[in-house]
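Structure record follows, encoded as structure tokens.
The values are calculated or read from the model by the stated rules, or taken from the named source; none is laboratory data. Just so we're clear, the structure is a prediction, and the values are computed from it rather than from any experiment. FYI the Cβ positions are ideal-geometry reconstructions off the backbone, even for glycines, and counts take in every protein chain you see. Each accessible area value is taken on the protein alone, full model and side chains, heavy atoms only, with ligands, DNA and RNA left out. Shrake-Rupley method; radii C 1.70, N 1.55, O 1.52, S 1.80 Å.
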Amino acid sequence: MQEHTKIYIDGAWVPSTGSGSIEVFDSTNGEVIGTIPAGTAADVDAAAKAARAAFDGWAATSKEERAKYCSRIAEGLGARMDEIATIVTREAGMPKWLSLLVQAGLPINSFGTAAALAESYEYETTVGNSLVVREPVGVVGAITPWNYPLHQIAAKVAYALAAGCTIVLKPSEVAPLDAYVLAEIIHDVGLPAGVFNMVTGSGAEVGQAISEHPAIDMVSFTGSTRAGKAVAAAASGSLKRVALELGGKSANILLDDLDDAGFERAVRDGVGKAYINSGQTCTALTRMLVPAARLADAERIAQDEVESNYQPSDPFADGARLGPLSSQTQVDRVNSYIQKGIDEGAKLVTGGTGKPEGLEQGYYVKPTVFSDVRNDMTIAQEEIFGPVLSILPYDSDDAAVAIANDSPYGLSGGVWSGD
Ligand code: TXE
């Protein structure tokens, strides 16, 4: 049980001005594993002022100095990898062995890459008789989600620090415990006060306050489309820069020139690319497009792959491939999409609604495959964010491309060919 009672502002652990707290749940059994302060707009104001005050000094540091801090943070994360992987597996449900590589590994990589980039980047270039100078944007607000919680934080914080920006971070209230590890490491490496600040709390209060705050020059957000729109609207009042990374409904096109072995390999790989992190991945390839003549083969292979290799289990168990989702809210959301797929007439190949057998505790759902999906069905248009794969038949390459592009999303994509 981790009871956090402080937030991090101006180089110090301080209490929130509010009195509320938010519970954090263990995805494997639904138990409370921690609490964090429900921060307030006043906390964001204090953090933004600290970041503003620290900005001129931090922006003026040498690139070597900024690289040194990023490297030290990477080392600090490296020393606590196992702890980070365990926390994120509890928060988000990814199998522990994979969490070590991805959830703990990627943040180390980000800080390491940022260190190298800070040193090698050309801040000044000459174009004709002009000198182009690249400067840090200022104070950056970072609002992050729960699916790859520390990776999403690192992917914003590391590069902002390297560029000479100062930061106000709001981690996801669903998966905030890993962010405390990072803040502790940042404190231990002695980053100058005010360069990094962390206010925990809800999106509606803390996220909104960051998006609105006039002293914050840019907001970088990853999360739902709904919240992204709220961030962009709130940010417009101060005309700050906004970077949004929202969802996806990406297509994986299997072309008709694949031989049987290639087709089987592509279908099995495609299941994995839809199911990684229990489908809680913005780039998940959730629409598999197959030649109509091979639809039955695709169903048979996908069913075998899911039933042989992707049965849900405790993510800490040996050989775990598919853990739970991150919250009861997501379980309800994913089950309601599965029900919609059934109601709208898609063919249920495997899975369905409800709890998998023997996994009544925790946020587990049944790994599901639908076939004969039409692209106008809800399950082909909306992001589900669970282990739910839709297989769609197509008649020609052009038709496949048209189906792939017939989506409000545009994040990712895959193509398999024998050539
Ligand atoms: O995310 P939220 P939710 C998608 C995915 C998922 C759905 C719902 O489809 O099923 O979103 O997830 C903060 N102003 N993705 O509702 O709420 C919030 O506190 C400012 C895809 O749980 O968007 C958290 O820090 N901030 C995505 C962050 O937004 C606000 C990853 C993300 O949570 C806010 C997550 C507001 N008004 C969900 N409201 C991806 N791209 O990978 C919330 N937040």
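Points to keep in mind about this one:
- Computed magnitude of the charge dipole of region 285-410 (debye, nearest 20; Cβ of K, R +1, Cβ of D, E -1): 180 debye
- Note on the chain: GNM, Cα springs under 10 Å; of T166, T89, T61, the largest mean-square fluctuation is that of T61.
- Region 33-148 shape via C-alpha gyration tensor axes, a/c threshold 1.5: oblate
- Selection from L131, A175, A346 lying farthest towards where the dipole of the chain points positive, charges on Cβ: L131
- Taking a ≥ b ≥ c as the square roots of the eigenvalues of the Cα gyration tensor, region 22-83 is classed as oblate, since a/c reaches at least 1.5 and a/b does not exceed b/c.
- Gap separating the Cα centres of region 235-310 and region 160-216, nearest whole Å: 33 Å
- Considering only P324, G358, P387, and ranking their Cα positions along the charge dipole of region 310-403 that arises from unit charges at the beta-carbon of Lys, Arg, Asp and Glu, the one farthest toward the positive end is G358.
- Look at the dipole of region 214-257 built from charges on Cβ: of G237, G248, T225, the Cα furthest out on the positive end belongs to G237.
- Ligands, DNA and RNA left out, the 1.4 Å accessible surface of region 281-362 is 45% carbon and sulfur atoms.
- Highest-fluctuation residue, I391, I153, I22 considered, GNM on the chain with Cα pairs under 10 Å: I22
- Summed side-chain charge close to Y123 - residues other than Y123 whose Cβ falls under 10 Å, Lys, Arg +1, Asp, Glu -1: -1
- Per-residue ellipticity at 222 nm computed for the chain from its helices equals -13000 deg cm²/dmol, with DSSP H segments shorter than 4 residues left out and the rest contributing -39,500 (n - 2.57).
- Report note on the peptides 340-349, 39-48, 306-315: ranked by the mean count of other C-beta atoms within 10 Å, highest first, their order is 39-48, 306-315, 340-349.
- Accessible surface area normalised per residue over region 53-137 is 49 Å², counting heavy atoms of protein chains with a 1.4 Å rolling probe.
- The overall shape of region 85-236 is oblate: from the C-alpha gyration tensor, with semi-axes ordered a ≥ b ≥ c, the ratio a/c is 1.5 or greater and a/b is no larger than b/c.
- In a simple Cβ point-charge model (Lys, Arg +1; Asp, Glu -1; nothing else charged), region 113-221 has a dipole of about 120 debye relative to its Cα centre.
- Sum of side-chain charges, V88 neighbourhood, beta-carbon under 14 Å (Lys, Arg +1; Asp, Glu -1): -2
- For the chain, a simple Cβ point-charge model (Lys and Arg +1, Asp and Glu -1, everything else neutral) yields a dipole of about 940 debye relative to the Cα centre.
- GNM result for the chain, Cα springs below 10 Å: residue of G138, G228, G262 fluctuating most strongly: G262
- Summarising the strand pairing of region 47-179, around 45 percent of its internal DSSP beta bridges are antiparallel.
- Heavy-atom accessible area with a 1.4 Å probe sorts R321, R294, largest first, into R321, R294.
- Solvent exposure of region 283-419, expressed per residue, is 44 Å² of accessible area, with all protein chains present and a 1.4 angstrom probe.
- Of all beta bridges that DSSP places with both ends in the chain, some 35 percent have antiparallel geometry.
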